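Asker: Would you mind keeping the following structure in view while I ask a few things?
The values are calculated or read from the model by the stated rules, or taken from the named source; none is laboratory data. This structure is a prediction, so every number in the text was calculated from the model and none was measured. Cβ placement follows ideal geometry from the backbone for every residue including glycine, while neighbour counts extend to all protein chains displayed.
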């Protein structure tokens, strides 16, 4: 082989090996989850009426005209004494949302609720800045936070507050996210499965094993003193929730995850909104990794806690590796064709299996844990893997921006108030622009189409299923982004997703 061919193969197998290691880590999370089942937090009886603390519920919003009234109404239905409940509507909006929110606040003030409308004229610090500003005026001993697209269950406070009473070092309690519109389309179904695994297996295994896990920015409640003790809300990353979570746990505070307490929310129905959300999460996690991981590794925490924090905070670097792997796939196949496809499979298949079959196992277990009809959901796993691959261009851009220190504003995820299959979003505001990124995704989709035909023409059949995951993923994310931007339609009807 020439030096160039050697370099291609070395780089290809190096990248694939790293991805396989992270794939094996998913197996480890499933193992932890199963092994530590007896460590799951048990439901606790409500606190006696005379022991109920004062609670502040913060509702950070920015241009949420379709969902803000629903949010405020749901929070005012919380089963909690009104004289012990303070509600802050933290509004940074610049559109009609301000009028809708103010009207809702006045309506509930007239009903006797302690609810305040706090509007900032600038977005300094974005969501973190709004939460910090609200905290200076909050009167509660505990701070619950809900984003605009959530519908908190009425018993949220009654089920979370008892956990703080069991241990003065419990700093935060996180509920699991539900999905009010998961059956709206194939895209929403895929997102719901992704989120289910994040909460059930990632949060569940880490919490049960005594490792760090994170507040998700919403559907959680904090002991107030924890926030300033950990350094307060900071806005030098796009994931202020992840950042504060790790700083708080480094200070010795412990978190609790309640998998059976579900706070329903609306997942994005539009591909470009989904990409915007994923970009923010990926970039913010890498920013937090660069900010806090050195401090974590230097600490006197147990090795297992450090290792899990490393895998957690560095996971989004995989998107950069996936992009490199995508480019190298065809040249590496071409170079090794002279070796024979059997030899090629003996090397590639085990590594791909570690990276992809672990993915399937991971999401299969999460669905089995949550739904009686989990077997019917297995049909979505190939699409799930494809969309995960298709996001690598979007999230690679996020990772590179974080590594280069490029600062961007907090781009909130548009919500359209979609609760039923018949609801429409196409004619509403807040649509995301596509830019050049979908063109890159389409180009990669066509690149893998050529690669699939090359594999078929040369009898390299064992690689075709893996290649098609890349092909479908890039074509789906690219085409759907463009189609929804210029037609305003949901390509995948509700019937397709069922």
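Asker: Any residue that is within 19 Å of the chain's Cα centre (by Cα) and either closer than 16 Å to residue 21 by Cβ or modelled with pLDDT of 90 or more (or both) - is there at least one of those in the range 347-356?
Answerer: The answer is no; no qualifying residue exists.
Asker: Here are some conditions: (1) within 27 Å of residue 267 (Cα to Cα); (2) touching a residue at least 12 places away in the same chain (Cβ under 8 Å). Residue 99 meets all but one. Which one does it not meet?
Answerer: Residue 99 satisfies all of (1) within 27 Å of residue 267 (Cα to Cα); (2) touching a residue at least 12 places away in the same chain (Cβ under 8 Å) except (2).
Asker: Find all pairs meeting these conditions: Cβ atoms under 9 angstrom apart; at least six residues apart or on different chains; first residue within the range 349-369 and on the phi < 0 side of the Ramachandran plot and assigned to a helix (DSSP H, G or I); second residue surrounded by fewer than 18 Cβ atoms within 10 Å (Cβ to Cβ) and at pLDDT below 85.
Answerer: 349/462
Asker: Restricted to the range 385-409, and to residues that are surrounded by fewer than 20 Cβ atoms within 10 Å (Cβ to Cβ) and touching a residue at least 12 places away in the same chain (Cβ under 8 Å), which residue is farthest from residue 19 (Cα to Cα)?
Answerer: Among those residues, the one meeting the criterion is 409.
Asker: Based on this model, can you work out whether residue 152 counts as more than 16 Å from the chain's Cα centre (by Cα), crowded, with 21+ Cβ neighbours inside 10 Å and in contact (Cβ under 8 Å) with a residue 60 or more places away in the chain? Write out each step before concluding.
Answerer: Working: more than 16 Å from the chain's Cα centre (by Cα): yes; crowded, with 21+ Cβ neighbours inside 10 Å: yes; in contact (Cβ under 8 Å) with a residue 60 or more places away in the chain: yes.
Against the criterion (more than 16 Å from the chain's Cα centre (by Cα), crowded, with 21+ Cβ neighbours inside 10 Å and in contact (Cβ under 8 Å) with a residue 60 or more places away in the chain), residue 152 qualifies.
Asker: For the range 178-262, which helices (runs of 4 or more DSSP H) that fit wholly inside it have 2 or more residues that are closer than 17 Å to residue 150 by Cα? Reasoning before the result, please.
Answerer: Numbers: elements: 186-197, 204-208, 226-229, 240-250.
In the range 178-262, the matching helices (runs of 4 or more DSSP H) lie at 186-197.
Asker: Another question about this same structure. Only one of 11, 103, 19, 59 is touching a helix residue (DSSP H, G or I) at 6+ places or on another chain (Cβ under 9 Å) and closer than 19 Å to residue 144 by Cβ; which?
Answerer: Sole residue among the options that is touching a helix residue (DSSP H, G or I) at 6+ places or on another chain (Cβ under 9 Å) and closer than 19 Å to residue 144 by Cβ: 59.
Conditions (1) surrounded by fewer than 19 Cβ atoms within 10 Å (Cβ to Cβ); (2) within 21 Å of residue 311 (Cβ to Cβ); (3) over 30 Å from the mean Cα position of the chain (by Cα), marked per residue:
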| residue | (1), (2), (3) |
| --- | --- |
| 3 | yes, no, yes |
| 9 | yes, no, yes |
| 22 | yes, yes, no |
| 39 | yes, yes, no |
| 42 | yes, no, no |
| 45 | yes, no, yes |
| 56 | no, no, no |
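Asker: Let me ask something additional. Filter the range 120-136 down to residues that are exposed (fewer than 15 other Cβ atoms within 10 Å of the Cβ) and either over 20 Å from residue 68 (Cβ atoms) or touching a strand residue (DSSP E or B) at 6+ places or on another chain (Cβ under 6 Å) (or both) and give me whichever is modelled with the lowest pLDDT.
Answerer: 124
Asker: Hey, another quick one. Any idea which of (1) more than 30 Å from residue 32 (Cβ to Cβ); (2) out of contact with any helix residue (DSSP H, G or I) (no Cβ under 7 Å at 6 or more places or on another chain); (3) in a helix (DSSP H, G or I) is the one residue 379 doesn't satisfy?
Answerer: (1)
Asker: I would also like to ask the following. When the range 133-156 is examined, which residues are found to be under 26 Å from residue 180 (Cβ atoms) and either in contact with a helix residue (DSSP H, G or I) (Cβ under 7 Å, 6 or more places away or on another chain) or assigned to a strand (DSSP E or B) (or both)? Talk me through it step by step, then tell me what you get.
Answerer: Step one: filter the range 133-156 for residues under 26 Å from residue 180 (Cβ atoms), giving 134, 142-156.
Those that are under 26 Å from residue 180 (Cβ atoms) and either in contact with a helix residue (DSSP H, G or I) (Cβ under 7 Å, 6 or more places away or on another chain) or assigned to a strand (DSSP E or B) (or both): 142, 143, 144, 145, 146, 148, 150, 151, 152.
Asker: Which of the residues spanning the range 62-102 are part of a loop (DSSP other than H, G, I, E, B) and within 11 Å of residue 115 (Cα to Cα)?
Answerer: 76
Asker: Among the residues that make up the range 253-276, is at least one of them at pLDDT 95 or above, over 28 Å from residue 71 (Cα atoms) and in contact with a strand residue (DSSP E or B) (Cβ under 9 Å, 6 or more places away or on another chain)?
Answerer: Within the range 253-276, one or more residues are at pLDDT 95 or above, over 28 Å from residue 71 (Cα atoms) and in contact with a strand residue (DSSP E or B) (Cβ under 9 Å, 6 or more places away or on another chain).
Asker: Looking at residue 89 and the list (1) surrounded by fewer than 18 Cβ atoms within 10 Å (Cβ to Cβ); (2) in contact with a helix residue (DSSP H, G or I) (Cβ under 7 Å, 6 or more places away or on another chain), which single condition is not satisfied?
Answerer: It fails just one condition, (1).
Asker: Is it the case that some residue within the range 95-102 is buried (at least 21 other Cβ atoms within 10 Å of the Cβ) and more than 24 Å from the chain's Cα centre (by Cα)?
Answerer: Within the range 95-102, one or more residues are buried (at least 21 other Cβ atoms within 10 Å of the Cβ) and more than 24 Å from the chain's Cα centre (by Cα).
Asker: OK, next. Could you please find all residues in the range 282-305 being buried (at least 18 other Cβ atoms within 10 Å of the Cβ) and either touching a strand residue (DSSP E or B) at 6+ places or on another chain (Cβ under 9 Å) or more than 18 Å from residue 405 (Cβ to Cβ) (or both)?
Answerer: Answer for the range 282-305, where residues must be buried (at least 18 other Cβ atoms within 10 Å of the Cβ) and either touching a strand residue (DSSP E or B) at 6+ places or on another chain (Cβ under 9 Å) or more than 18 Å from residue 405 (Cβ to Cβ) (or both): just 296.
Asker: Which of the numbered conditions does residue 118 fail, given that it passes all the others? Conditions: (1) within 27 Å of the chain's Cα centre (by Cα); (2) not in a helix (DSSP H, G or I).
Answerer: Tallying (1) within 27 Å of the chain's Cα centre (by Cα); (2) not in a helix (DSSP H, G or I), residue 118 fails exactly one: (1).
Asker: Tell me, which residue of the range 463-492 that is assigned to a loop (DSSP other than H, G, I, E, B) and in contact with a helix residue (DSSP H, G or I) (Cβ under 9 Å, 6 or more places away or on another chain) is modelled with the highest pLDDT?
Answerer: Ranking the candidates gives 489 first.
Asker: Return the residues of the range 228-238 that are buried (at least 21 other Cβ atoms within 10 Å of the Cβ) and over 18 Å from the mean Cα position of the chain (by Cα); say none if nothing qualifies.
Answerer: 230, 233 - these are the residues of the range 228-238 that are buried (at least 21 other Cβ atoms within 10 Å of the Cβ) and over 18 Å from the mean Cα position of the chain (by Cα).
Asker: Something else about it: Spot the failing condition for residue 16; the list is (1) surrounded by fewer than 19 Cβ atoms within 10 Å (Cβ to Cβ); (2) assigned to a helix (DSSP H, G or I), and only one is missed.
Answerer: It fails just one condition, (1).
Asker: A follow-up question, please. Considering only the range 435-444, state which residues are surrounded by 18 or more Cβ atoms within 10 Å (Cβ to Cβ) and more than 11 Å from residue 394 (Cα to Cα).
Answerer: 444
Asker: Still on this structure: Go through the range 157-195 residue by residue and tally those that are in contact with a helix residue (DSSP H, G or I) (Cβ under 8 Å, 6 or more places away or on another chain), within 20 Å of residue 249 (Cα to Cα) and surrounded by fewer than 20 Cβ atoms within 10 Å (Cβ to Cβ).
Answerer: Result for the range 157-195: 2.
Asker: Also, quick follow-up: Would it be correct to say that residue 32 is touching a strand residue (DSSP E or B) at 6+ places or on another chain (Cβ under 8 Å), part of a helix (DSSP H, G or I) and more than 30 Å from residue 326 (Cβ to Cβ)?
Answerer: Here the answer is no, as residue 32 does not meet what is asked.
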